[in-house]
Every structure is written in C-alpha cells, then in structure tokens.
1. Any idea which of (1) of a type outside the set (Lys, Arg); (2) within 27 Å of Phe150 (Cβ to Cβ); (3) surrounded by fewer than 22 Cβ atoms within 10 Å (Cβ to Cβ); (4) touching a helix residue (DSSP H, G or I) at 6+ places or on another chain (Cβ under 6 Å) is the one Gln353 doesn't satisfy?
2. Hey, among Pro160, Pro96, Pro124, which residue is within 23 Å of the chain's Cα centre (by Cα) and either surrounded by 15 or more Cβ atoms within 10 Å (Cβ to Cβ) or aliphatic (A, V, I, L, M) (or both)?
3. For segment 52-87, which residues satisfy the criterion of being of a type in the set (Phe, Trp, Tyr), touching a helix residue (DSSP H, G or I) at 6+ places or on another chain (Cβ under 8 Å) and not in a helix (DSSP H, G or I)?
4. Would you point out the residue of segment 252-297, among those that are of a type in the set (Asp, Glu) and assigned to a helix (DSSP H, G or I), that is nearest to Asp321 (Cα to Cα)?
5. Kindly establish whether Arg177 is part of a loop (DSSP other than H, G, I, E, B), surrounded by fewer than 22 Cβ atoms within 10 Å (Cβ to Cβ) and either in contact with a Phe, Trp or Tyr (Cβ under 6 Å, 6 or more places away or on another chain) or in contact (Cβ under 8 Å) with a residue 24 or more places away in the chain (or both).
6. Among the residues of segment 100-121, which ones are of a type outside the set (Ser, Thr, Tyr), surrounded by 13 or more Cβ atoms within 10 Å (Cβ to Cβ) and closer than 30 Å to Glu392 by Cβ?
7. Please state which of the following conditions Phe517 fails to meet, knowing it meets all the rest: (1) crowded, with 18+ Cβ neighbours inside 10 Å; (2) more than 21 Å from Glu363 (Cα to Cα); (3) not aliphatic (A, V, I, L, M).
8. Across segment 382-402, what is the total count of residues that are surrounded by 20 or more Cβ atoms within 10 Å (Cβ to Cβ) and farther than 26 Å from Tyr452 by Cβ?
Amino acid sequence: MLKVNLLQRYFSNLKSNRQVRKFSSFLLGCLLVIWGQFNPLQAQTTEKYRPTWESLLQYQTPDWFADAKFGIFIHWGPYAVPEFKSEWYGYHMYRPMLTSHLTGIPSDQPNPTYEFHVEQFGDPSKFGYKEFIPMFKAESFDAEAWINLFDKAGAKYVVPVGEHCDGFAMYESTLTRWNSVNMGPKRDVLRELAQAARAKGMKVGSSSHLAFGWYWWNYAEGYDTVDPEYRDLYHEPHEFTDKPTQEFKDLWYQRAIEMIDKYQLDLMWFDFGFCTPEYEEYRKKLLAHYYNQAEEWGKGVVLNYKRIQYDPIPDGAAVLDLERGKLDRVREMPWQTDTSIGRNSWSYVKGWQSKPAGELIDELVDIVSKNGNLLLNVGPKADGTIPDDQREILLEIGKWLKVNGEGIYETRPWHFYGEGPSRSKIGDHTEYNQAEMSQKDIRFTARENYIYAFVMDWPTEDVLIRSMSQDIASLPDTIVDINLLGSDEKIAWQQTAEGLMITAPTQKPKNDYAHGFKIELEPAPDGIYKGEAKE
C-alpha cells in the first residue's frame, strides 16, 4: 500500500483547480485499478477460496450430486489393447516377477503379465508399452451411442478416465504429445463424451490417476522406459523408493488443471496417488482453483478423493470416495462408492467376469440408504465397443430404475438405513466379503412425506418393519397409505407395538430384485422444518 499512499499524497498537494481535481481523481482511479491487477495480495482477496483447509471447508456438496445417486465410470485407454489381466498391464509388463505396488519389491513368483507379453508381443526391450498406442484405434467408438446407453441405464453423470497411471491423455492436451488427438484414436474422447452427455442433461466428470504414474514403470536397462526420446511418457528414470520430483508434481498439477478448465468439469475424480503426503500443498492449491472456477462458472462441482492409508482432506472440503467398498452406516455428508461391473478388472480383458444386475442393484440401494452414490464402471474394448454382457446389465439396471427410481433419485437417508441380518464391511476393497441380501433385509430412503422401504428380495411372507413400531418415535406423522412401486395391487398393512406389518403382495411386479414399498405419511406441519435446504 506504500505506492498507493504516495500517489494519494501527491494528488492532494495539487492546486484546488476543479479540472485538475477531476483529472487527478480519474488518473488515481486508473492507477489503483492497474495496481490491483498486479498486486497478488489484493487480487487474492477477491476469490472466495484460498489454499488453506480453513478456507476450503466453506465448500458444500452441490444438490445435483446428492440427488443423482448413480453415475458411470469408464476405464478405456491403450491398456485395453492386450486384453489381459487388468488396466495395470503397463506396470506389470516390464517386471519379470510379481512386484508390490506399495514397496516396489519383487516377490519370488513369476509375473503372468510379463510372461504373456513376451509370448504375445515379444520381450519388453523390443515391444514397449508405447507400441500399444497405434493399436488403440477406437474405430467403432461412438460417443452418442455410449451416452444413450448410459442414459437408458438411469445414470445422471459420467466420468471417463482422463488419464490413467500410464500417462496417456484421453483428451486434447497441450502439455503432452501422448494424447488421444495426436495418437491412437486421433479424437478428443473426453470432449465428445462431454458434449453428448450434456446434450442429455447429464453432468460430466473426468479422472486423473497420473500421480501414481511416478511409480508405474520399471527402468531396467534396455527398456524403452530409459530411452531419453520417450522421457515425456515414461518420466525421468528413478528408483521406486524415490519421491516424485518437483517437475513431475508440477506437470501433474498443470494437466489436472488443464482438464478442469478446458472442459469445465462438474466432477474431478482422483486416485490414491493424489492423496499421499507429498501432494499436500498441491491438493489445497488445486481445490482452491477448482472451487473458484466453479464460482465463476456459476455451478456446483465435486472433487472425489480416497482415504487409503492417509487422511488427505478434512471431512467436508471434498467428497469421499471408496473403491470397491462401502460404509456400514449413514454418513451425514454425501459420499461415493466406485466399483466395476467387472469383478476382476476395470478395463476390458479376456475372461472378464460381470457381476449380475441384481447384485449391483442391491449395492445401489444399500449405498443410497447411507447417503452415498454409486459410480459404476464399464470397460469397453479397444475398438470402442461395449460388450453385450455389460450392455445388458446396464439396461437391466435402467429397467429397474424406471420402476423404482422415485425411491432413489433426490432422496435422503431416513433415521435408520435399514433392518435385517446383512451388514456391510466398512472401507475400500471390502465388496468381496459382502453377504448376499434376502427378503429379510430392508433398506430405507426418504423424501418429503414419503419413506421408501426396499425389501431386497421378493417377499414370500409378510414384511415386518420393526423400526416403525407404534412404540418407537420414528414416525412423527401418521401413515396414510402404502403402495408397491410398479404394482396396482392394494397393499394391506397394520402398525402395532411390534412394528409395521405389510401383508405380502400376491402379484409380483414385472421388475425383479429389490422391491420398493412407498410409505406415505401425512404432510408435516408448515414451517416445522424451517431452515432445511430445499430446491
């Protein structure tokens, strides 16, 4: 402010001539504007969010995300070409022995991916990962057809992988030549999907896995990973135990910002590499940038992060994501599960094992009952086709949501997420230990004066909801009526001290899987919930 004070003192000493005063005021105003533009401290105060956790905790999850409940994840890139094991092909193909991704220490077990690569493509010293990129042609890729399928599945947002750990950008990047416009498909995949999705009213996200890319490659002598010509793909050769360099972190940050800004993303999803301590300052800087951009765009945005090993972001400053796992209780703040249709992979592979639609619908209902969203991954083939088994599962989910969607979309948790013997294991990678749910399991959602009780299999006997007993103050308002979604059958019910007893329906609706009973309550007195947000 010293320069400003000097300017003010100078102009105050000018003659009291009216024209001089008028001109001096004008000139001072111009100089102050110019000074403000070049003064970073003053410019910073105009932004709502600063790169501190205290400032970033102003963030509130937008209603669109809390209402959407169901999105589609897409793992698609050069790693789909070999169709073997998983999207971690690039990590394993250079390592003869199975190697931990946590320590980089090889085991005494041969690596099946390495052996497959040698047999099918030759030694990695002669056929490196970069050779898959020209083979990734995406000749059958049709963004509109994909989005039409996801729309029929009932998804409200779509999240293509923008760049996996291999560092190949699925968008037009100005920061790397290794992108889908310059090479491979020679198309801006992210832009095409974003345009098609927004035309359907869907929100658009992207994901970055690049932070772990520092640990992705093996730099053994003779591999193309140590060739200076390809350093912009494989990075500077280093030991697995070396921490990411400043140069690498700067590149990661710039590429993430490029995606966010160029495509005005509604959601940005980060894998676990982003959550490590060495990215602490970058996390805060990126969040502040993203949220300030959203203020300019006039829309709410979401940033997903993981809590594997580390606690990288304070609760409320972004949206927690659990990989192949769930919570065992209601979380006050919205959260998300990401999992794949494929039980054994995220990207398409030969031997892909699809989960049945009923299992995924059960997951969706259970997650929504706890205030979560399901981000469900598909794995297209390298040519851009989505395999029939995955298509059929998506359409089956969409068919179920056509009937039961009113108990899913725009709902919020009830007092209890559910009843019954099935319980979720809390945390990432716990889906493999989940017990199958039955008609004894019930999950609840709520909105306005309705509670939706989903019986997780067709009830062959009367349904007793113990938490709605007359002796429990869980229902402040009187039950008016109960209907079964997708059915015109009159449903009989009785509320007693034991619970709410719903007589088993005799006619099964056309849809299978979880069945939603819509419990209508008398509307609450006007103004009783004053202060609650409502769109």
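The values are calculated or read from the model by the stated rules, or taken from the named source; none is laboratory data. What you are looking at is a predicted structure, and each value in this text was computed from that prediction instead of being measured. Virtual Cβ from ideal backbone geometry, glycine too; neighbours counted across all protein chains shown.
1. (4)
2. Numbers: Pro96 fails: within 23 Å of the chain's Cα centre (by Cα); Pro124 fails: within 23 Å of the chain's Cα centre (by Cα).
From the options Pro160, Pro96, Pro124, the qualifying one is Pro160.
3. So the first thing to find is which residues in segment 52-87 are of a type in the set (Phe, Trp, Tyr), and the list is 53, 59, 64-65, 70, 73, 76, 79, 84.
From what is left, the residues that are touching a helix residue (DSSP H, G or I) at 6+ places or on another chain (Cβ under 8 Å) are 53, 59, 70, 76, 79, 84.
Matches in segment 52-87: Tyr59, Phe70, Trp76, Phe84.
4. First, the residues of segment 252-297 that are of a type in the set (Asp, Glu): 258, 261, 266, 271, 278, 280-281, 295-296.
From the residues that got through so far, the ones that are assigned to a helix (DSSP H, G or I) too are 258, 261, 278, 280-281, 295-296.
Working: Glu258: 23, Asp261: 22, Glu278: 20, Glu280: 18, Glu281: 20, Glu295: 23, Glu296: 26 Å.
Among those that are of a type in the set (Asp, Glu) and assigned to a helix (DSSP H, G or I), it is Glu280.
5. Numbers: part of a loop (DSSP other than H, G, I, E, B): yes; surrounded by fewer than 22 Cβ atoms within 10 Å (Cβ to Cβ): yes; either in contact with a Phe, Trp or Tyr (Cβ under 6 Å, 6 or more places away or on another chain) or in contact (Cβ under 8 Å) with a residue 24 or more places away in the chain (or both): yes.
The answer is yes for Arg177.
6. Scanning segment 100-121 gives a single hit, Phe116.
7. (2)
8. Taking segment 382-402 and keeping what is surrounded by 20 or more Cβ atoms within 10 Å (Cβ to Cβ), we get 382, 384, 386, 390, 393-394, 397, 400-401.
Filter again for farther than 26 Å from Tyr452 by Cβ, leaving 382, 384, 386, 390.
Residues that pass the stated criteria total 4.
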